[in-house]
Each structure stands twice: as structure tokens, then as C-alpha cells.
Amino acid sequence: MDGDLLPDGSVGRTPQPGAHVTAGVTADPLPPNPWEKWGWAFAAIWLVFLAYPVIAVAESDAPVLAKVASLLCIAGFAVANVMAYSPRNNTWVFLGLMVALGLATVPVIGVSAVSYTPYLAILSALELPSPAWKWSVAAWAVLPLLSLLGIEGFPSYIFLMLWPIMLGGVMLRIFGEREEVAHEAQRQFALVTERERVARDVHDVLGHSLTALSVKAELAARLVDVDPVRAKAELESIQATARQALAEVRATVGGLRAGNLEAELAAAPLVLADAGIATTVTGDVADTDPRHRALLAWVLRESVTNVVRHARADSVVIELSPRGICVTDDGAGCSGGEGNGLRGMRERVSGVGGTLAISPADPGTRVEVALP
């Protein structure tokens, strides 16, 4: 018996609010950027370090008006820094405004204006687009090196204080970008997984239904002259099977279809009987593990389809047990290698910790799925 076994007991998920949907795939939504909601609070907390330029203004020998103007610039710098983290505002505009306000205080506080650089660097790291943020942060990181030039009033260790703060902003940006990359990889994986699910389910639905339709059509053609009543019944059955297949395909594409072992167990003898194959069932649905019944339903459906297509059998024995399912026919036996369908089936069974064994019977073929 050579054919594709592609059972899949998966059930599609209902999209959640905010979820990303692509080609019928539902992926978890990307976590919101915390800086969009709480960036202003982050910026406000660090404004306490603007006390240094304020103190520098107070201790300077500049005229009173110059001191007042400098303090207003520092206040404007603080407001611009907080507003720059709002997603509604243009970061470049507020970054430029902060630079202008910081430079305006240089005539009063001199090199102490370098204390603005952590604010500029962190804002650049967290809010500017790529790759501009990297160049901007690099530029602000160079400024503290002025401390090494021996400028009067500029401690030579100042860069050791400012660089760790800037590095913290850079690490936050890098971690955020890595999270986005990981989420995109998860979304792509979900897309591939969903495509494989749909392909498997559609194959199983159409393969089984088209096989049943073909058998019923052949039977109706043979009966149309000798038993018109029976032929009419088979034609009506063909119509019902076609409608059911259409409904199953729609449910499969929508991700709402799962295998029903009880329904498959009832349908299998009918499909086999139409092909002239006798069926013996040992055990019932209650004997199986409820956790794996959807998977067992796919196994049974595909096994029956393959018997009808390839086995040329006279009888089939279906055995249900707490450990799984076994389908044995007395047909022509296994032929050819293992196709994509069987490999996919083996992966599905292995995914729940089970094993799939396809072995010759005497005569025929035995398909056995053992589950934990």
C-alpha cells in the first residue's frame, strides 16, 4: 500500500486583538515599544542631572541677564527632552532644538555644557531611525574626550562618568532591535507552519473526498442499468459527499477544522464497502486516548484512502486501543519508497511522542501508530 499519510490534528487559532495576520496566519502581536508610552517618564527622571549646568550658571561671573537667559535655555532643554520621546513629535526637530539651547548656554557655563551629551546620546539611541542613531551616538560620545585636552575647568575623568550612561542607551536600543528581529522570525515561522497545516489538511480532505467520489461514481455507472434505484442513491450520496468536502475545505482554510475520530470510524466502512472491501473494527473510540483522537482520525482517514487507491484489498481490519490505532489490509502490499506524505505523517506522530510503523502483513500492509 503506497500513498500519502498526512494527518494533522491541529486547530487554527482565532486572531487576537492586535495580532498580525498574513495570508491566513495569526502571529502574536509585537509587544508595544515601551518608549512610546513611558519614554517621557524615563526622560523626566534623568532631568535631575541638569542640576550640574544649573549650578554652573549660578557659580559663573556672567551678568544677571545672561544667567537668567541660560536658566531659561536649560528649562527649555528639559522640556524639549521630555517632548522628544512622544511618538507624535519629530525627534530630529527636538534634537536640533536641544542642541541649539545647549549651545546657547556655552558663553555662561563653558565646557560644562558637555553635561548635556548623555541626554542627546540617549535620545538619539532610543528614538532616531537606523542607521542614523549610530552615527549620532558616536558623535556625542566623542565630546567627553575633550576632558583629555586639559581644558581648564574640565575634569580629565569626566568621560568615565558620561560614557556608561551613553552605553546604557545604546544597549537598550540594541536589545529592542534584537527583540524585533526575534519577533519577525517567529512570525515567519508561524507563516510557514500555517501554510504547511493548510496544505496537509487540504490534501487530506480532498484526497479522501475525491477518492470516495470516484468510487461512488464508478459504482453508480455500473448500477445505472441494472439497479436504477441504487444508482440514484449513489448519485445522491455523491452530492452529499461533494457538499461535505466543500464545507471541510472551507473550515480547513479558516483553521477551524479538527479530526473527528467517531465520524471517521463511522465513515470508513461505508467508503471501503463502496470499493468492495469488507471492514472489521476492533475496539471503539472510548478505548483511545482523548488527547490524540484528532490525530488518530487523520491516520484512519488517510489509511482508508490509501487502501482504496492502491491496495487492491478484499478486507481491512481497524484496531483501536489506548496505545493508538492499527489498520491492516490484505492487499498488494507496500511498494515504492516513503513519500512526502508519509514523512510528514511521521513528523506529526513524532511531535506528540509517538511512532509510526508501516510494515508488510501476510498478505497486505500494516500501518500502526503507537502513542504515549
- Message: For a protection proxy built on the mean count of beta-carbon atoms within 10 angstrom, sort 313-326, 166-179 highest first, please.
- Response: 313-326, 166-179
- Task: Set the Förster distance to 35 Å, then compute FRET efficiency between ALA357 and VAL192 from the Cβ-Cβ distance, nearest 0.05.
- Result: 0.80
- Report Rg/Rh for the range 63-143, rounded to two decimals, where Rg is the Cα radius of gyration and Rh the Kirkwood radius. 1.00
- Taking only C-alpha pairs under 8 Å that are 6+ residues apart, what is the relative contact order of the range 56-126 in percent? 35 percent
- Task: Give me the net charge of GLY354's neighbourhood, meaning all other residues with Cβ under 12 Å from the Cβ of GLY354; Lys, Arg count +1, Asp, Glu -1.
- Result: +1
- Taking the convex hull of the alpha carbon atoms in the range 89-134, what volume per residue do you get, in Å³? 64 Å³
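Rule-based calculations on the coordinates, nothing more; no lab input. None of these values were measured; they are calculated from a predicted model. Don't worry about glycine lacking a Cβ; one is built from the backbone with ideal geometry, like all the others, and counts go over all protein chains shown.
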